[in-house]
Amino acid sequence: MQLTYQPFELELKHTFTIAKFSRTSTAIMLVQLHHEGHTGYGEASMVPYMGENHQTATDFLQKVDVNQFKYPFDFQYINHYLDGIAPGQPAIKAAIDIALHDLDGKIRQQPCWKLFGSDPQLMPQTSFTIGIDTPEMMIKKVKEAEGFKIIKVKLGRGSDKELISTIRTVTDVPLFVDANQGWTDLEQSLDMCHWLHEQGVLLIEQPILKTDIDSNAWLTERSPIPIIGDEAVQRLPDVAKAKGVYHGINIKLMKSAGMYEAHQMILQARELDLKLMIGCMSETSCATLAAAALAPLCDWADLDGPFLTTNNPYQLPGFVDGKWVLNDGYGLGLNLH
């Protein structure tokens, strides 16, 4: 087996602003694993606040011994092997995991979604994310979301009602909102939950600082809208900790170190009766298809990466009626340009 990789800068259509950060691009590492005439494609999307970058990814990949990846792949072993190389760094671990799953599907001549037992008919509609911006730009972004049945709005900077009210002047589609730990006052947070409920908001991601477990649990107990743990839920051990603190969790492959552990998180969350959202960072079609393979196992999807960027190096997957279309291509079903 051979490992190759290329650093890539994924450019965003607009400056992307959330409660505590802004950026115009995202560092990506494109990974390929070559084995017996097949190539598996993977991707690490390394948003700055997660602490990974091109240099950390390169350093990690140079320590990977591809001789550890014997076919048929033991994904549990591989997961532990990658964690043993270095702590943290889930995005570059996800890139390897995704490439191995793509390779596995191609060798077995099966789509990844079928190997995970996903039903394409159960694909949830995905949301289109709008970062914090001026009212004029918010309206422009809403118009760019034509064809989407759900819009996700970033909140948490003190202008939350203005942002939602602005969006409601031009669309009445259901909304997701994500405060990215930006809310601090509990009573105001609860009042905002009730107000957002009246505005057609379906869920709220990570309203309060992830380390403030008691406040998140207090709000979850009283909110008329599902409260979803995001920053608080990174990997498998965090799922059990979310029970009683949130109504559900948001799984992202770049947090979970890939498809294998994301699937394990889905299974455990279902056992704990937690709601499930599958989300993304700024990603190309590669990681989007990896997450879409698992999306039918979840309640909600926020997989809009390719629509928010300008230089996707791969073809856009099928997208109909606000949903990704899972094709019968082997592995991820990724199509190159």
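In table form, for the structure just shown:
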{"read-out": "Cut-off under 5 Å, modelled amide H: who pairs with Ala301 long-range", "value": "Ser127, Ile278"}
{"read-out": "Segment Asp321-Gln125, extension gain: residue separation times 0.36 nm, minus the distance between their alpha carbons", "value": "69.8 nm"}
{"read-out": "Accessible-area value, Asp83, 1.4 Å probe, nucleic acids and ligands omitted, Å²", "value": "50 Å²"}
{"read-out": "Highest-fluctuation residue, Ile251, Ile204, Ile85 considered, GNM on the chain with Cα pairs under 10 Å", "value": "Ile85"}
{"read-out": "Full-stretch length increase - Lys114, Arg168 - with 0.36 nm per residue and alpha-carbon distance subtracted", "value": "15.6 nm"}
{"read-out": "Portion, in percent, of the accessible area of the chain that falls on carbon or sulfur, probe 1.4 Å", "value": "50 percent"}
{"read-out": "Phi to ³J(HN,Hα) by Karplus 6.51 cos²θ - 1.76 cosθ + 1.60 over the stretch 258-264, Hz, x for Gly, Pro", "value": "x, 6, 4, 6, 4, 5, 4"}
{"read-out": "Pairwise label distance in nanometres, Lys13 with Asp214, each label 7 Å out on the Cα-Cβ vector", "value": "4.4 nm"}
{"read-out": "Accessible area of Glu187 in the full protein assembly, 1.4 Å probe (Å², nearest 10)", "value": "110 Å²"}
{"read-out": "By accessible area with a 1.4 Å probe, ligands and nucleic acids excluded, highest first: order of Lys149, Lys13", "value": "Lys13, Lys149"}
{"read-out": "Solvent accessible area, Å² - Thr211, 1.4 Å probe, full protein context", "value": "100 Å²"}
{"read-out": "Stokes-Einstein D (µm²/s) once Rh is taken as the Kirkwood radius of the chain over alpha-carbon pairs, at 4 °C in 1.567 mPa s", "value": "65 µm²/s"}
{"read-out": "1.4 Å probe accessible area per residue over the chain, in Å²", "value": "40 Å²"}
{"read-out": "Selection from Gln68, Ala94, Thr126 lying farthest towards where the dipole of the chain points positive, charges on Cβ", "value": "Gln68"}
{"read-out": "Over the chain: helical MRE at 222 nm, DSSP H runs n ≥ 4 each giving -39500 (n - 2.57), nearest 500", "value": "-10000 deg cm²/dmol"}
{"read-out": "Cβ crowding within 10 Å averaged over residues, with 232-242, 138-148 ranked highest first", "value": "232-242, 138-148"}
{"read-out": "Pair Glu144, Lys241: separation of 7 Å Cα→Cβ label points (nm)", "value": "3.4 nm"}
{"read-out": "Most fluctuating residue given options Pro120, Pro111, Pro72, as computed from a GNM of the chain linking Cα atoms under 10 Å", "value": "Pro72"}
{"read-out": "For the stretch 182-337, the Rg and Dmax computed from alpha carbons only, in angstrom", "value": "16.5, 51"}
{"read-out": "Using a Förster distance of 51 Å, the FRET efficiency for His38-Glu187 (Cβ separation, nearest 0.05)", "value": "0.35"}
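The values are calculated or read from the model by the stated rules, or taken from the named source; none is laboratory data. All of these numbers come straight from a predicted model, not from anything done at the bench. Methodologically, a virtual Cβ is constructed for each residue, glycine included, from the backbone with ideal geometry; neighbour enumeration extends over all protein chains shown. Ligands, DNA and RNA are stripped out before the accessible areas are found, and what is left, the full protein with its side chains, is counted by its heavy atoms. Shrake-Rupley method; radii C 1.70, N 1.55, O 1.52, S 1.80 Å.
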